[in-house]
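Colleague: One structure follows; several queries about it will come next.
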Amino acid sequence: MPSLLRISVTTIILPILIGCASVQGKPVLPVELPGNPISQQVVSSDRLLWGMWDLCFNPDRLTVSGNPRRTVQTHFNITPLFQPPYCDDCVTIVLNSFNPVTRMLDVDLTLKNPYPVSGYDVRTIVYTNDDGPLLYNADDWTELFDIPGGYEINPFRAYAKDESGRVFSEGASHSENFLIYVPDPPNWPTAIFAVDASLPGNCEEPYSIDSVTQTGTLFNFKGSTVNLQAEVYDWQINVGEVALKAPEITGEEFSPFTHLGGNSWAVELTNNTGAPAGKYNVRIKADSGASSLYDIVQINISGGISGDYPGDVGIENDSSVIFVENFEEGSLEELFSIWEEVKNPDNMTFSDHSPPGCSGSQSLLVTHTGGQGNGAHLYRRLLPGYDRLYIRFYVKFDPDCGPIHHFFHAGGYNPSTPWPQGGAGEKPNGDERFTTGVEPFGNYDPWRWDFYTYWMEMRICPAENYWGNDFINDPDLEVEMGTWICHELMMKMNDPVTEPNGEMALWINGQLRFKDGQCISYLGEGYPNGEWVWDSFIPDPGGEPFGGFRWRSDVDLNINFLWLLTYITQADAGHVSRIWFDQVVVADEYIGPINPY
């Protein structure tokens, strides 16, 4: 049976009525105690306490006991709103249930107003700290009447939400449900509850932050952005500022919202810190010249598709995944049957090396000996072709690997062919092909990562030939030898074909590349800033915005091939180079590095 507790409001207020003058139906302002922290809060607001007490829950027995707060900080400002003739059921608490596994206590708390004084925006605040109970279904949070030693803001449930103006009228009763997490026994939890109201009319601060929505997915790489929108309600319709506090994500103390009109506010939430995948509680603060109102919402940072598949187990079954190659085939013949063209198969073998966190036990090893051919490749089509693709792969270079002439490529041919086409040194027309490579630039010196791209508006080189254009040009983006590196290439086609709104991006180990305050490995119409020097785009914040990619002039041209290429032409005779590949995933959404198995 649920336990029923009735707390006589008289027992709460009688000890402090002495010395307080009152007139029937008119609230009395708090007694001023110099230096009192709660007194200072109340003076600056229009809210007054109706009562504050300690409640001790026994979840096993579904019982609760209560005592009024007697501390100087709290009892002085309880106003004599509940006056004789008193009622013995002004506060009623019913414990509905307790789940010993989740430690969640289900409580109904009913307030009754028996007097000819109406309250407005009445709420019950639950004061919380790390060791005590936590309210899980708060309407919003407040900083008023804070108890020293606890959290700086505390959750509350508001009453009479269905009444016009949220008025708590004479003789009215209203109930609210509280879902409270309670700590483990044997110390039964004690929670501090307070009831406050706005008098003589509605509160001056915003009274509700509601309908918080997120558009898009926030990912764990630096630069990922989503739009956050909230409805902020204020009786006076004079909200002055709404701000987001999420420094672990944004790197800023507060990020201001923009007023969209009416009650609607929005902010662009950017992962400026490269915050890892996980769930984050962030704070929205709304001000209108009085006290502040807060809401705490949960933001999920995704690790991409891979976040749902530890070790990449089962990732091939995801609805967004188009192709997977994990090199776990039982034989090379079985592997080669999956690809449409295999060059120099004798240079390929399986290896027992695999990336950290991967559930597989083998990878593909490509070996090249200087003076004996120019490497090997695997090529296949991705049909029917796509307007946007994400391609993730892992690679590891032996520390003694020779210079790479060309490396991993992707792009489109129209019509598609089961082999890679030519066109080196030739500018595409826009209706027949485009290609981009993720390549290590350099000889035996430290290599750096960059793109190597052919498209219809590419720039010419000083020798008056069209060789692949590069865009990142950051000597500090070095290729780390002897370790597994995760790459993810994104390509997005221009649409309509007359516009240069195509995009291209590269993530290294799950992160975009930033330099001089701008992202330099994600390119599109208007970003980043820089300048062209022949066939190289050099990022520079003081330069002109990048013009974007017009990949095609024909809608039938799209992204339709994948080419794992190891092309080596400059290695010394007899020099042995080894390169490992693994965990190739192609999808129409961001994939992300392996979520460790």
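Nothing in this text is a laboratory measurement; each read-out follows from the coordinates by a stated rule. Everything numeric here is computed off the predicted structure, so don't read it as measured data. As a convention, Cβ positions derive from the backbone with ideal geometry for all residues, glycine included, and neighbour counts pool all protein chains shown.
Colleague: What ³J(HN,Hα) values, in whole Hz, does the Karplus curve 6.51 cos²θ - 1.76 cosθ + 1.60 give for the range 191-202 when θ = phi - 60°, with x put for Gly and Pro?
Modeller: Result, ordered by residue: 10, 9, 10, 9, 10, 10, 8, 9, 9, x, x, 5 Hz.
Colleague: A further question on this structure: Want the number for D495 to D588: 0.36 nm per residue separation, take away the alpha-carbon distance, what's left?
Modeller: Working: separation 93, 0.36 × 93 = 33.48 nm, distance 1.64 nm.
In short, 31.8 nm is gained.
Colleague: Using helices alone, I'd like the mean residue ellipticity at 222 nm for the chain: each DSSP H run of four-plus residues gives -39500 (n - 2.57), total over residue count, nearest 500. Could you put the intermediate results ahead of the total?
Modeller: On the way: 5 runs with 27 residues, N = 597.
That comes out to -1000 deg cm²/dmol.
Colleague: Convert each backbone phi in the range 532-546 into a coupling constant with the Karplus relation 6.51 cos²θ - 1.76 cosθ + 1.60 (shift: θ = phi - 60°), then list the ³J(HN,Hα) values in order as whole Hz, x for Gly and Pro.
Modeller: Calculated HN-Hα couplings, in order: 8, 10, 6, 9, 10, 8, 10, x, 7, x, x, x, 8, x, 4 Hz.
Colleague: If the cut-off is 18 Å between C-alpha atoms, which lysines fall inside it for K285, apart from same-chain ones fewer than 8 positions away?
Modeller: By straight Cα distance, K285 reaches K245.
Colleague: Which value, in nm² and rounded to one decimal, describes the direction-averaged projected area of the C-alpha convex hull of the range 131-227?
Modeller: Working: hull surface 41.5 nm².
In nm², the orientation-averaged hull projection of the range 131-227 is 10.4.
Colleague: Just name one of L105, V242, G542: the one whose Cα is farthest towards the positive end of the charge dipole of the chain (beta-carbon charges, Lys/Arg +1, Asp/Glu -1).
Modeller: L105
Colleague: Given 5 Å bins starting at zero, what is the percent of C-alpha pairs of the range 285-413 in each, up to the one with the largest pair distance?
Modeller: Bins of 5 Å from zero give 2, 7, 14, 17, 17, 14, 8, 4, 3, 3, 3, 3, 3, 2, 1, 0 percent of pairs.
Colleague: What lysines sit close enough to K396 to cross-link, taking a C-alpha to C-alpha distance under 30 Å and skipping anything fewer than 8 places away on the same chain?
Modeller: K222, K343, K492, K515
Colleague: Still on this structure, I have one more. At 20 °C and 1.002 mPa s, what whole-number value in µm²/s does Stokes-Einstein give for the translational diffusion of the range 208-302, with Rh from the Kirkwood sum over Cα pairs?
Modeller: Values: Rh = 13.4 Å.
D, rounded to a whole number, is 160 µm²/s.
Colleague: Taking amide H positions as placed 1.01 Å from N in the peptide plane, with prolines and chain starts having none, which residues 5 or more places from G51, or on another chain, fall under 5 Å of its amide H?
Modeller: V195
Colleague: Which chymotrypsin sites (Phe, Trp or Tyr not before Pro) does the range 374-469 hold that lie in a coil by DSSP with at most 11 other beta carbons within 10 Å? Don't skip to the end; give the middle numbers.
Modeller: Values: sites: Y379, Y386, Y390, F393, Y394, F397, F407, F408, Y413, F434, F441, Y444, W447, W449, F451, Y452, Y454, W455, Y466, W467; in loops: F407, Y444, W447, W455, Y466, W467.
Loop-located and lightly packed - none at all.
Colleague: Assigning unit charges at the beta carbon (Lys, Arg +1; Asp, Glu -1) and nothing else, what dipole magnitude in debye, to the nearest 20, does the chain show about its Cα centre?
Modeller: Working: 33 positive and 79 negative charges, 356 e Å.
The calculation lands at about 1720 debye.
Colleague: How large is ³J(HN,Hα), in whole Hz, for each residue of the range 429-442 in order, when computed from phi with the Karplus curve 6.51 cos²θ - 1.76 cosθ + 1.60 and θ = phi - 60°, using x for Gly and Pro?
Modeller: Once rounded to whole Hz, the list reads 7, x, 10, 10, 5, 7, 9, 9, x, 9, 9, x, 8, x.
Colleague: Taking K and R as +1 and D and E as -1, what net charge do the other residues with C-beta under 13 Å from the C-beta of G370 add up to?
Modeller: Details: positive: R578; negative: D400, D572.
With Lys, Arg at +1 and Asp, Glu at -1, the net is -1.
Colleague: Another question, then. Please work out the Cα center distance from the range 540-597 to the range 494-508, rounded to the nearest Å.
Modeller: Using only Cα atoms, the two centres lie 15 Å from each other.
Colleague: Can I ask one more? Below 14 Å, Cα to Cα, which aspartates and glutamates can K427 reach? Residues fewer than 8 away in the same chain don't count.
Modeller: Hits, sequence-local ones excluded: E457, E464, D535.
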